[in-house]
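Scroll down for the structure; my scribbles are underneath it.
The values are calculated or read from the model by the stated rules, or taken from the named source; none is laboratory data. Please read these numbers as outputs of a predicted model, since none were measured by experiment. Don't worry about glycine lacking a Cβ; one is built from the backbone with ideal geometry, like all the others, and counts go over all protein chains shown.
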Amino acid sequence: MEKAIHESNPLPRGQQRAGGLPLHDELSQERLLVRVEQAVRRELGRRIRDLKVEICQEGVRIAGRCTTYYSKQLAQHAAMTAARGTPLVNDIVVE
């Protein structure tokens, strides 16, 4: 599982990006990433391949591959619950 914190358009310290995540609070961002990843893996096991969870400008982004739209939907629901109101981008590809 890869985790990344993107800083494509840095904001001044203390300002918040989309999703309400403070830029200077990397520890809480890391905890959020771990919480979302664990929730998706717990719900779906290996049905999502190459799972990646990262912070992006829009909030939290999940990506990977699966074989059914139902698995994609379950992953999104698990991630949304774990993200606790932080916006979610679902880039899981159904093959």
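How many of the residues in region 64-95 are part of a loop (DSSP other than H, G, I, E, B) and either among the β-branched types (Val, Ile, Thr) or within 19 Å of residue 26 (Cβ to Cβ) (or both)? Working first, answer last.
From region 64-95, those part of a loop (DSSP other than H, G, I, E, B) are 67-68, 84-87, 95; that's our starting set.
With the extra rule that they be either among the β-branched types (Val, Ile, Thr) or within 19 Å of residue 26 (Cβ to Cβ) (or both), the set shrinks to 67-68, 84, 86-87.
Qualifying residue count for the region: 5.
Taking the criterion of being in a loop (DSSP other than H, G, I, E, B), surrounded by fewer than 21 Cβ atoms within 10 Å (Cβ to Cβ) and modelled with pLDDT of 95 or more, the only residue of region 47-63 that qualifies is 47. Among the residues making up region 64-76, those that are surrounded by fewer than 17 Cβ atoms within 10 Å (Cβ to Cβ) and over 10 Å from residue 90 (Cα atoms) are 65, 67, 68, 69, 70.
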